[in-house]
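Structure first, commentary second.
The values are calculated or read from the model by the stated rules, or taken from the named source; none is laboratory data. Quick caveat: nothing in here was measured; it's all calculated off a predicted structure. FYI the Cβ positions are ideal-geometry reconstructions off the backbone, even for glycines, and counts take in every protein chain you see.
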Amino acid sequence: MTDNFLCSYSQKNKEINLKLKEEDLIETVETCIKETKYLLSEKSLEIGFQTKLKKAPAKIDLIEIKRVITNLIGNASDYAPKGSKIILQLIESGAEYAFSVTDFGCGITLENPNEIFDENVTFAKERKRIGFGLGLYISKNIINAHKGRIFAESVPQKWTRITFTLPILE
């Protein structure tokens with residue numbers, strides 16, 4: 001939470017200073033899965049990672065992209081019902097990679113699901129949790145700085161999918 005506050009403050013007061021380097025998105029996702037296993041075990045959640053890609057080279061700031069991926073996994077674990085599954089998917093779509101996180105929880109009840117990326121939008125109170133609505137806002141800024149897009153799809157009471165894209169390394 002403190003990290004989110006500091007990151008939000010930093011983003012508001014200057015541009016995100018990315019340290020771009022060629023990284024493999026598949027390895028990055030697999031590392032994030034390992035680093036978030038403890039979140040999943042508390043609720044007996046299963047995580048599945050689907051990709052047909054052998055490699056997914058992209059020019060990214062590894063720390064910032066890991067921040068986005070772990071935030072998306074964390075949000076999915078917050079809203080997924082106990083004993084359910086979270087699905088991660090990485091595909092190549094035209095000139096970009098598309099990475100998505102899908103949970104089968106309460107869904108987003110907003111008329112426009114993409115409002116969840118606005119600053120201070122949170123459903124934490126409804127879920128009796130602590131949250132300030134900064135994680136997805138920060139994630140949106142990080143993805144935008146990488147020249148990607150981030151968006152949400154949802155069917156209330158069924159599922160939510162958050163997807164971000166990143167340019168494929170030329």
Condition test on Thr31, is it hydroxyl-bearing (Ser, Thr, Tyr), buried (at least 17 other Cβ atoms within 10 Å of the Cβ) and over 18 Å from His146 (Cα atoms)? no
Considering residues that are in contact with a Leu (Cβ under 9 Å, 6 or more places away or on another chain) and of a type in the set (S, T, N, Q), the number found within segment 32-69 is 2
Is it the case that Thr109 is over 13 Å from the mean Cα position of the chain (by Cα), closer than 30 Å to Lys19 by Cβ and modelled with pLDDT under 95? no
Filter segment 51-67 for residues that are of a type in the set (A, V, I, L, M) and either closer than 16 Å to Ala95 by Cβ or in contact with a helix residue (DSSP H, G or I) (Cβ under 9 Å, 6 or more places away or on another chain) (or both) and give the result. Leu53, Ala56, Ala58, Ile60, Leu62, Ile65
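Results for (1) exposed (fewer than 13 other Cβ atoms within 10 Å of the Cβ); (2) not hydrophobic (A, V, I, L, M, F, W, C), shown as yes or no for each residue.
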{"position": "Gly48", "(1), (2)": "yes, yes"}
{"position": "Thr51", "(1), (2)": "no, yes"}
{"position": "Ile73", "(1), (2)": "no, no"}
{"position": "Gly83", "(1), (2)": "yes, yes"}
{"position": "Ile86", "(1), (2)": "no, no"}
{"position": "Glu92", "(1), (2)": "no, yes"}
{"position": "Ala98", "(1), (2)": "no, no"}
